[in-house]
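Contents: one structure, followed by commentary.
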Amino acid sequence: MDIDVWAYEKELSSEGYKFIGGVDEVGRGPLNGPVVTACCVLPSDFKLDGLTDSKKLTEKKREQYYEYIINNAIAYGIGECSPEEIDKYNILEATKIAMGRAIDKVKEQIDLDYVLVDGNMKMNLDLPYKSIVKGDLKSISISAASVLAKVTRDRMLVELDKKYPMYGFANHKGYPTKAHLEAIKKYGLIDGYRKSYGPVKEIIEGEK
């Protein structure tokens, strides 16, 4: 049976909520770069066949969907937390902070009155929210946010790749692949690595 990806939004609309934002993150696992989040509010007549969790889409499709979403959304915001903040707060707290930043950007544009958050998140927000496990498959607003966050972060890592091509950031996007770990061992650490993450920590300890 097909999932009604509008079910959560429709139910909230029937309860009187007007602007419902979907919130998602990307980049909790990588060794390098920020964790990036997006909050996206879609019009009720929004249609984009095939929109789902961004990880299930090809890079080309994500880029196409990204353009369509930003041109047709009522409002959207991007938030991020730097590697330094991730090291300071831990990745879960940093993700929540980044989500709050994305939500705040949307609140500057419209009177956001409810958010649907991907995952099992306990948020500290001044507006009502619902956490949905696998929300990027169940809510169209979260699916749209997941595409915005993924494309934004991937583009950052492609830019980093131009500066440091020997690390292969355009391919692995900072995730701890075999090639990435080998590149770190060979060339050392550059700015942007998360020092609290195991593989990076080991290299720092080994250098002492």
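For the reader, a short list of remarks on this structure follows.
- Considering residues of segment 50-79 that are closer than 21 Å to residue 2 by Cβ and of a type in the set (D, E, K, R) only, the residue farthest from the chain's Cα centre (by Cα): 61
- Extreme residue, nearest to the chain's Cα centre (by Cα), among residues of segment 150-208 that are of a type in the set (Gly, Ala, Ser) and within 26 Å of residue 62 (Cβ to Cβ): 174
- Among the residues of segment 40-61, those that are surrounded by 15 or more Cβ atoms within 10 Å (Cβ to Cβ), closer than 30 Å to residue 200 by Cα and not acidic (Asp, Glu) comprise 54, 57.
- Qualifying residues in segment 127-136 (those that are modelled with pLDDT of 95 or more and in contact with a Lys or Arg (Cβ under 9 Å, 6 or more places away or on another chain)) - the one nearest to residue 55 (Cα to Cα): 132
- Residue among 22, 27 that is over 25 Å from residue 109 (Cα atoms), among the small types (Gly, Ala, Ser), surrounded by 11 or more Cβ atoms within 10 Å (Cβ to Cβ) and touching a residue at least 40 places away in the same chain (Cβ under 8 Å): 27
- Residues of segment 136-178 satisfying the condition of being more than 18 Å from residue 200 (Cβ to Cβ) and of a type in the set (S, T, N, Q): 139, 141, 143, 146, 152, 171
- When residues of segment 93-123 are limited to those that are of a type in the set (S, T, N, Q) and in contact (Cβ under 8 Å) with a residue 24 or more places away in the chain, the one surrounded by the most Cβ atoms within 10 Å (Cβ to Cβ): 95
- Applying the criterion of being assigned to a loop (DSSP other than H, G, I, E, B) and of a type outside the set (Phe, Trp, Tyr) to the residues of segment 155-184, the residue that is surrounded by the fewest Cβ atoms within 10 Å (Cβ to Cβ) is 177.
- Pair list, Cβ < 9 Å and 6+ apart or interchain, from segment 69-89 residues that are surrounded by fewer than 17 Cβ atoms within 10 Å (Cβ to Cβ) to residues that are assigned to a strand (DSSP E or B) and aliphatic (A, V, I, L, M): 82/35
- Selected residue (criterion: surrounded by the fewest Cβ atoms within 10 Å (Cβ to Cβ)) from residues of segment 124-154 that are more than 25 Å from residue 195 (Cα to Cα) and of a type in the set (Val, Ile, Thr): 133
- The set of residues in segment 172-208 that are touching a residue at least 12 places away in the same chain (Cβ under 8 Å) and among the hydroxyl-bearing types (Ser, Thr, Tyr) comprises 175, 187, 193, 196, 197.
- Cβ-Cβ distances below 8 Å connect no pair with a first residue in segment 142-171 that is over 17 Å from residue 31 (Cα atoms) and without any contact (Cβ under 8 Å) to a residue 24 or more places away in the chain, a second residue that is of a type outside the set (Phe, Trp, Tyr) and buried (at least 18 other Cβ atoms within 10 Å of the Cβ), and a separation of six or more residues or different chains.
The values are calculated or read from the model by the stated rules, or taken from the named source; none is laboratory data. Note that this is a predicted model, so its numbers are computed, not measured. Here the Cβ is made from the backbone with ideal geometry for all residues, glycine too, and neighbour counts use every protein chain on show.
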